Amino acid sequence: MKNVILALLLTGSVFSTASAQTISPQDELDIKTVFENSIRAVQAEDVSTALGYIHPSSPLREQAGQLSRSLLEAYDFQHELEAVDLGTASAEGVEARVTLTTRKVNGPDFRDRRLRLMSLMRKTDEGWKIYTGRIEKIEYLDGKK
């Protein structure tokens, strides 16, 4: 279930479409850094820092905060950010496909897994923030379906 927290912190629900735009190399680096820092905060069980990487007007903020506090007490995980691939940039933000592996270190039953997430990033005065997204794929590492 802690995996749900991380997914909430990195994703949400629906994307809007608009005309494609390009992003700068600095923006690309900054977006990747948001995911790295967000995962680092979750790994450290620092909920307030992790929530700081979510856009202030995101529908994810409240839900992620409520779930994370209770679930972080039950589990210890090792998260590995495998890839961040940027997709379409538009007036709505930048799509980022994230591949993340989560392995249980301690806690109740949990199946280690690899997630592929699609997140929509939006820029604020403080930099890029996670706005919405979705889980595209869950691959269980034990080979069972």
Legend entry - Selected residue [at positive phi, of a type outside the set (S, T, N, Q), out of contact with any helix residue (DSSP H, G or I) (no Cβ under 7 Å at 6 or more places or on another chain) and without any contact (Cβ under 8 Å) to a residue 12 or more places away in the chain] from 52, 143, 93: 143
Legend entry - Where residue 97 falls short, out of the listed (1) charged (D, E, K, R); (2) within 10 Å of the chain's Cα centre (by Cα); (3) more than 17 Å from residue 23 (Cα to Cα): (3)
Legend entry - Candidates 119, 58, 68, filtered to the one that is assigned to a loop (DSSP other than H, G, I, E, B) and either among the β-branched types (Val, Ile, Thr) or under 14 Å from the mean Cα position of the chain (by Cα) (or both): 58
Inset, instruction - May I ask you to verify whether residue 36 is outside any strand (DSSP E or B), under 28 Å from residue 142 (Cα atoms) and modelled with pLDDT of 95 or more? - result: yes
Inset, instruction - Please work out if residue 131 is more than 21 Å from residue 31 (Cβ to Cβ) and at pLDDT 95 or above. - result: no
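The values are calculated or read from the model by the stated rules, or taken from the named source; none is laboratory data. Keep in mind that what you see is a predicted model, and the values were worked out from it rather than measured. Virtual Cβ from ideal backbone geometry, glycine too; neighbours counted across all protein chains shown.
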